[in-house]
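Read-outs throughout are calculated quantities, based only on the coordinates presented, and are distinct from any laboratory measurement. Computed from a predicted model, the values in this text were never measured in an experiment. Here Cβ is always computed from backbone atoms with ideal geometry, including for glycine, and neighbour counts include all displayed protein chains.
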Amino acid sequence: MAHEGGSTRAILAALAANLGIALTKFIAYLLTLSSSMLAESVHSLADSGNQLLLLLGGKRARREADAAHPFGYGRERYVYSFIVSIVLFSLGGLFALYEAWHKWQDPHPIEGRWWWVPLVVLGASMVLEGFSFRTAIIESNHTRGDQSWVSFVRTAKAPELPVVLLEDFGALIGLVLAFFGVSLTLITGNGKFDALGTAGIGILLVLIAIVLAMETKSLLLGESATAKDVDAITTALVGPGVASVIHLRTLHLGPEELLVAAKIEVDGATSAADVAAAIDAAETRVRAAVPIARVIYLEPDLRRAVETSA
């Protein structure tokens, strides 16, 4: 559960940063009518909503199993993460692209005595987003091990940290693009640079949303345990009364809950009581080796019988 606590800390840090950033960016937009600032304010607002969705998904996933959902609600976290990708794509990415097209059709420079406000807001936003990104990195490092960041995002079973990491990374790149667009507009007086910065933000958000949707879809469909955990489970199953593993299937019911179903080879001369004792001992070994293996179904069989029937 420490991993879940780390996810919550990263989400809360991102939420606090994005709420403050969204407000300051929108004020900057009202003062300057910069499309980059409007796109960035909507981006931060969408990110804030996404963090609330992740917190809601985590809370609902902790509900106890019932008759309608005998394996619990752990995978509801994946559902809310998928909704996050949709929000990021539509509210963030598509809105920014629309605003960029609108500004390109009717460009206007950033004028007036508040011309400096967007640069100050963007600089402050980079600091706040950097703090949020740093928190997400620290919490991710607790479970990432020696994986590369790409591998971590692609294989993590808990969706919250990869979502926050990608959102914060995208936010920092988006701020750089907005700074580029606003700065060139101030220097040249050409509002089309502001539109280009906005378009860059939109394309970035759409790409991140697509990556999140693809990875979360895989989790929704049902992913097996990692290769490391599969090897550990296979090794743990073999012991007194269990000669070998005939076949093994695993499925994540949630980030911290794994279903294990296996057909194991037992001695044909063993009594029913001995088989039951061997199964109980095997389950104990598996849970000790892989603590998230909470739902275990073991079927005793004879390997010779399986080979003959094949």
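Summary of values
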| read-out | value |
| --- | --- |
| Lysine pair count for the stretch 2-221 [Cα-Cα under 25 Å; pairs on different chains or 8 or more apart] | 6 |
| Between the stretch 140-196 and the stretch 197-226, the alpha-carbon center distance in angstrom | 13 Å |
| Among Asp47, Asp229, Asp194: highest mean-square fluctuation, GNM of the chain, C-alpha pairs under 10 Å | Asp229 |
| Placed amide H near Ile246: partners under 5 Å, 5+ positions off or other chain | Lys263, Ile264, Glu265 |
| Ile296 long-range amide H proximity, modeled H, under 5 Å | Val260 |
| Helix runs (DSSP H) in the chain reaching 30 Å along axis by Cα, Kyte-Doolittle at least 0.0 | 2-32, 35-61, 117-144, 160-188, 192-221 |
| Where labels lie 7 Å past Cα in the beta-carbon direction, separation of Leu94 and Leu220 in nm | 1.6 nm |
| Stretchable slack from Ile187 to Phe71, in nm (0.36 nm times residue separation minus alpha-carbon distance) | 35.8 nm |
| Average Cα contact separation per residue, the stretch 1-142, under 8 Å, 6 or more apart, as relative contact order % | 36 percent |
| Gyration tensor (alpha-carbon) shape descriptor, the chain, a/c threshold 1.5 | prolate |
| Fewest-first ranking of Leu12, Leu253, using other Cβ atoms within 10 Å as the exposure measure | Leu12, Leu253 |
| Interchain or long-range residues, amide H under 5 Å from Leu253's placed H | Leu258, Leu259 |
| Over the chain: helical MRE at 222 nm, DSSP H runs n ≥ 4 each giving -39500 (n - 2.57), nearest 500 | -23500 deg cm²/dmol |
| Exposure proxy order (Cβ contacts within 10 Å, fewest to most) of His252, His43, His142 | His142, His252, His43 |
| Sparse-neighbourhood loop sites, trypsin sites (Lys or Arg not before Pro) in the stretch 70-176 - DSSP loop, at most 12 other Cβ within 10 angstrom | Arg113 |
